[in-house]
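Below: one structure, written as structure tokens.
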Amino acid sequence: QRELEARERYKPALTVDGARVEVVANISDVAEAIASVEAGAEGVGLLRTEFLFVNREAPPGEDEQLAIYAAMLSALNGLPIIIRTLDVGGDKEIPYLRMPVEQNPFLGERGIRFCLSHEDLFRTQLRAIYRASAGGQVRIMFPMIAMIEELETARRIAEEVRLEVGAAPVEIGIMIEIPSAVMMAPELAKRVDFFSIGTNDLTQYALAMDRMHPVLAKQADGLHPAVLRLIDSTVRAAEAARIWVGACGGIAGDPVGAAVLSGLGVRELSVSIPAVAGIKAQLRHSAMAENRDLARRALACTTAAEVRGLK
Ligand code: PEP
Ligand code: MG
């Protein structure tokens, strides 16, 4: 049984009716890059680069970042990796960056907003990513995009850096994790190669419930129909623009969540390393026609509990 599972986890997640869903991993360091491949992940759907910046006195320089990205690419041996640019702020505080003290940090200068106001830091990271990109299949992703202008500025800076280091273009995508980005998804989709839905923040901002809140966090379920309807609009916009959509928040690695998301048309699920083999096995034993039907019924539900009761 063990041996069977060990062999099975390297097989692609092909449903019984022949639909392919990519199952990739969320990682934060080189050891996890190695572990994700062993777990059967088909790549990395989210590298949380903020973990390269924590527990130290100063930000990692360009060469240090380059060495880390290169080590990850070598562990991945040709499998793709989505490197998300620094997503600090909110709950992710880094003392030496002297981040502003804010009354509502989750609504403050976090993610791409922080990078655009600390351009040196952003350029250093982009230089390291582009220099590493020759060694594997690198994709770049910007977090916390709320407005088109942020994407356009970030893309302009990335392109300047790319030309400086003489790297080839790579796929560029954004996190869809703010309701305004969902509303603008048709316009955003024309400007990127892919979307990755961050269901943790999307749920927090859609329900106006702090994801760290000791009482409310439990109620902030990414399977709430309000969130699923936002995801559905995102996928429709992406399909119309012919770009692909992944998801990297917690519900991608939840059994009901994986079924509903794939049924909504999410093509790539990025999950925690321990969840990889189970989600792949679940998808292989499911039919996409059934997942689509489940997704359709989930969109018509009135509560998260009702959605969870469908399966
Ligand atoms: C998310 O918001 O869903 C996400 C994947 O990013 P993070 O949890 O790092 O904010
Ligand atoms: Mg997020």
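The values are calculated or read from the model by the stated rules, or taken from the named source; none is laboratory data. Just so it is clear, the model here is predicted, and its values are computed rather than measured. Using ideal geometry, Cβ is built from the backbone for each residue, glycine included, and neighbour counts are taken over all protein chains shown.
Before moving on, here are some points about what is shown:
- Residue within the range 85-94 that is farther than 17 Å from Ile112 by Cβ, of a type in the set (A, V, I, L, M, F, W, C) and modelled with pLDDT of 95 or more present: no
- Leading residue by the ranking (nearest to Glu109 (Cα to Cα)) among those in the range 132-171 that are more than 21 Å from the chain's Cα centre (by Cα) and of a type in the set (Lys, Arg): Arg156
- Test result for Leu46, modelled with pLDDT of 95 or more, within 16 Å of ligand 2 (Cβ to nearest atom), in a loop (DSSP other than H, G, I, E, B) and buried (at least 18 other Cβ atoms within 10 Å of the Cβ): no
- When Tyr69 is tested against (1) aromatic (Phe, Trp, Tyr); (2) within 16 Å of ligand 2 (Cβ to nearest atom); (3) surrounded by 22 or more Cβ atoms within 10 Å (Cβ to Cβ), exactly one condition is not met: (2).
- Only one of the numbered conditions (1) under 21 Å from Ser196 (Cβ atoms); (2) among the aliphatic types (A, V, I, L, M); (3) in contact with a strand residue (DSSP E or B) (Cβ under 6 Å, 6 or more places away or on another chain) is not met by Leu14, and that is (1).
- The single condition from (1) over 16 Å from the mean Cα position of the chain (by Cα); (2) at positive phi that Gly43 fails is (1).
- The single condition from (1) within 15 Å of ligand 1 (Cβ to nearest atom); (2) touching a Ser or Thr at 6+ places or on another chain (Cβ under 8 Å); (3) assigned to a helix (DSSP H, G or I) that Ala259 fails is (1).
- Answer from Glu159, Glu150, Glu109 - the residue that is at negative phi and out of contact with any helix residue (DSSP H, G or I) (no Cβ under 9 Å at 6 or more places or on another chain): Glu159
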